[in-house]
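See below for the structure under consideration.
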Amino acid sequence: MSAGHALNPTAALEGGDDAVLPFAVEALDLRGRAVRLGPSIDTILRRHGYPDAVARLIGEAAALTALLGASLKLEGRFQLQTKTDGPVGMLVVDFEAPDRLRATARFESEAVAALGAKARAPELMGRGHLAMTIDQGATQSRYQGVVPLDGQGLEEAAHQYFRQSEQIPTLVRLAVAEQMEAGESRWRAGGLLVQFLPTSPDRLRQADLPPGDAPEGHDILTGQPAEDDAWTEARSLVGTIQDHELIDPAVSSERLLYRLFHERGVRVFEPQGLVERCRCSQERVMGMIRSFSPQERHDMIADDGSIAITCEFCSRRYVLDPAAVEREIAAAS
């Protein structure tokens, strides 16, 4: 990471949509990222015409995925996926380094409608699990962290993930809204991730230390470690964020970070752009079809004599000639 530059009131006017902005507050031992999603999330949501409640849930998941996936520098893939018993039974968001984002959801229309347009994430997802998968290619091991979903939203699920998997004090804020821009309604999403990463190991006290006789620096009643003053201050500052500050196009990520941390000094680094782009292709579709048995491929033939595959992410439709498919499979055998 480059040295970055310190924010001042003029620099705080910078920034734009569809970008992740890394930052650091050295005085508080903080590192983090801010994300703004504009045209990319609007394209994802309008392509499928999701109900408003489902659209907000996908927007939150996309913002969270961008915040976490942006840690992959040159190559690799980060995927967030939920599988639950709620009206939104499955949610998948892919981030492919360095900048590609896509998302989709499966849901029960009637159950979502019964909850209403203002239904929140816990109602929509219900109980199940959230999996976060990091795949950095054939040369490195694939990693997956799983968090149970038991009536909490994505912010709390992310906090739980970092408590149990990374053991790094972490705060996540997410927001999604539909706003009027230039006379048109557009979806926007945003988020902030802040982590406490002190250089001194003694300051990185974890809440899972043995609760026996409370050692020095621990609460005598709970046996839990006393929270570091810097992290307490950071939590307090992040707690002042209003949802509109994460999505308002007039409030850049730089402006928000300056408001939060200017008294302590905040340094920002090169922003990372994001684009809505699917991974599907004719080659990938053929690879998927080859995995089916001859009978299964035969059963896929429609009344018009073709095999039609529609991508769940981008809705692109692939129409294939069954005879040509079989010839290609035979030639590859």
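Of the residues making up segment 259-270, at least one is part of a strand (DSSP E or B) and at pLDDT 90 or above. Tell me, yes or no, whether segment 142-154 has at least one residue that is among the hydroxyl-bearing types (Ser, Thr, Tyr) and in contact with a Phe, Trp or Tyr (Cβ under 8 Å, 6 or more places away or on another chain). No. Touching a Lys or Arg at 6+ places or on another chain (Cβ under 8 Å), surrounded by 15 or more Cβ atoms within 10 Å (Cβ to Cβ) and closer than 30 Å to Ala70 by Cβ: does that describe Glu276? Yes: the conditions hold for Glu276. From Arg106, Arg120, grab the single residue that is surrounded by fewer than 18 Cβ atoms within 10 Å (Cβ to Cβ), touching a residue at least 12 places away in the same chain (Cβ under 8 Å) and within 20 Å of Val172 (Cβ to Cβ). Sole residue among the options that is surrounded by fewer than 18 Cβ atoms within 10 Å (Cβ to Cβ), touching a residue at least 12 places away in the same chain (Cβ under 8 Å) and within 20 Å of Val172 (Cβ to Cβ): Arg120. Among the residues of segment 75-103, the ones that are more than 17 Å from Arg127 (Cβ to Cβ) and not in a strand (DSSP E or B) come to 5 in all.
Results for (1) closer than 20 Å to Gln152 by Cα; (2) at pLDDT below 95; (3) among the hydrophobic types (A, V, I, L, M, F, W, C), shown as yes or no for each residue.
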position: Asp42; (1), (2), (3): no, no, no
position: Arg46; (1), (2), (3): no, yes, no
position: Asp52; (1), (2), (3): yes, no, no
position: Ala55; (1), (2), (3): yes, no, yes
position: Ile58; (1), (2), (3): yes, no, yes
position: Ala62; (1), (2), (3): yes, no, yes
position: Leu72; (1), (2), (3): no, yes, yes
position: Gly76; (1), (2), (3): no, yes, no
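Of the set (1) outside any loop (DSSP other than H, G, I, E, B); (2) open to solvent by less than 50 Å² (accessible area, probe 1.4 Å); (3) among the hydrophobic types (A, V, I, L, M, F, W, C), all apply to Ala27 but (2). Residue pairs whose Cβ atoms lie under 7 Å apart, sitting 6 or more positions apart in sequence or on different chains, and linking a residue in segment 171-200 that is in contact (Cβ under 8 Å) with a residue 24 or more places away in the chain and among the hydrophobic types (A, V, I, L, M, F, W, C) to a partner that is open to solvent by 50 Å² or more (accessible area, probe 1.4 Å) and in a strand (DSSP E or B), are Trp187/Glu178; Leu197/Arg31. In segment 225-256, of all residues being of a type in the set (Ser, Thr, Tyr) and more than 10 Å from Gly190 (Cβ to Cβ), the one that is surrounded by the most Cβ atoms within 10 Å (Cβ to Cβ) corresponds to Ser252. Looking across segment 299-325 at every residue that is touching a Pro at 6+ places or on another chain (Cβ under 8 Å) and either open to solvent by less than 30 Å² (accessible area, probe 1.4 Å) or at pLDDT below 90 (or both), the one that is farthest from Asp42 (Cα to Cα) is identified as Ser306.
Selection of segment 30-50 for residues being among the charged types (D, E, K, R) and assigned to a strand (DSSP E or B) yields Arg31, Arg33, Arg36.
Looking only at segment 157-195, residues that are within 20 Å of Pro39 (Cα to Cα) and either open to solvent by 30 Å² or more (accessible area, probe 1.4 Å) or not aliphatic (A, V, I, L, M) (or both) come to 13 in all.
Scanning segment 258-268 for residues that are more than 23 Å from Ser185 (Cβ to Cβ), open to solvent by less than 20 Å² (accessible area, probe 1.4 Å) and without any contact (Cβ under 8 Å) to a residue 40 or more places away in the chain turns up at least one hit.
Screening Asp99, Asp135 for residues that are modelled with pLDDT under 95, open to solvent by 10 Å² or more (accessible area, probe 1.4 Å), under 15 Å from Ile41 (Cα atoms) and under 17 Å from the mean Cα position of the chain (by Cα) leaves exactly one candidate, Asp99.
The values are calculated or read from the model by the stated rules, or taken from the named source; none is laboratory data. These numbers come from a predicted model, not from an experiment. Don't worry about glycine lacking a Cβ; one is built from the backbone with ideal geometry, like all the others, and counts go over all protein chains shown. Side chains included, ligands, DNA and RNA excluded: accessible areas come from the protein's heavy atoms. Shrake-Rupley method; radii C 1.70, N 1.55, O 1.52, S 1.80 Å.
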